[in-house]
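Reviewing the structure listed below.
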């Protein structure tokens, strides 16, 4: 008889961006935006509940050997533009993370005073310890990147300045 301990992890990230909720929504859901920040994945979303939510590698990412045609897959659970996007999310670039299965990712977008938008990303990672480590940025020193903190910092920089933090 074996006993399995479930990992119940929820990570919450919040960033304040001097822009409109509509621009944040577009940056999260539109391929012409998603390739410009973070890790350069190209969004391919059917934004209806039950629709697919996938990311393909962008041009810079395709240069690395072994990158699959789809790097993240999932399903749209809730779509309320420009306020909320909830989806399942599974990393396909690493067999161990792929085997952990689908997690739940929520983007909440809220205007606040002074032309600023608050973006809160909640990633529910129950039973996905390898993915939880990666999206927390714990693999940054091994070249796997800075996780959601990196992605959101780059998104903020792009929306406020028109330029990504780092060249791809």
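Data for the structure
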quantity	calculated
Subset of the stretch 34-65 (residues that are out of contact with any strand residue (DSSP E or B) (no Cβ under 8 Å at 6 or more places or on another chain) and touching a residue at least 12 places away in the same chain (Cβ under 8 Å))	36, 37, 38, 39, 59, 60
Hey, residue 42 under 15 Å from the mean Cα position of the chain (by Cα), modelled with pLDDT of 95 or more and within 18 Å of residue 151 (Cα to Cα) or not	yes
Qualifying residue in the stretch 19-30 (condition: without any contact (Cβ under 8 Å) to a residue 60 or more places away in the chain, surrounded by fewer than 18 Cβ atoms within 10 Å (Cβ to Cβ) and either under 17 Å from the mean Cα position of the chain (by Cα) or not in a loop (DSSP other than H, G, I, E, B) (or both))	yes
Verdict on residue 138 being more than 19 Å from residue 28 (Cα to Cα), free of Cβ contacts under 8 Å to residues at least 40 places away in the same chain and surrounded by fewer than 17 Cβ atoms within 10 Å (Cβ to Cβ)	yes
Looking only at the stretch 37-46, and only at residues there that are in contact with a helix residue (DSSP H, G or I) (Cβ under 6 Å, 6 or more places away or on another chain) and part of a loop (DSSP other than H, G, I, E, B), the one that is nearest to residue 162 (Cα to Cα)	37
Hits in the stretch 47-102 (condition: within 16 Å of the chain's Cα centre (by Cα), farther than 22 Å from residue 125 by Cβ and not in a loop (DSSP other than H, G, I, E, B))	56, 57, 61
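For every residue, the table says whether it meets (1) touching a residue at least 24 places away in the same chain (Cβ under 8 Å); (2) part of a helix (DSSP H, G or I); (3) over 27 Å from residue 50 (Cβ atoms).
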site	(1), (2), (3)
110	yes, no, no
119	yes, no, no
122	yes, no, no
133	no, yes, yes
145	yes, no, yes
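The values are calculated or read from the model by the stated rules, or taken from the named source; none is laboratory data. Nothing here was measured: the structure is a model prediction, and the numbers come from that model. Backbone-built Cβ (ideal geometry, glycine too); neighbour counts: all protein chains shown.
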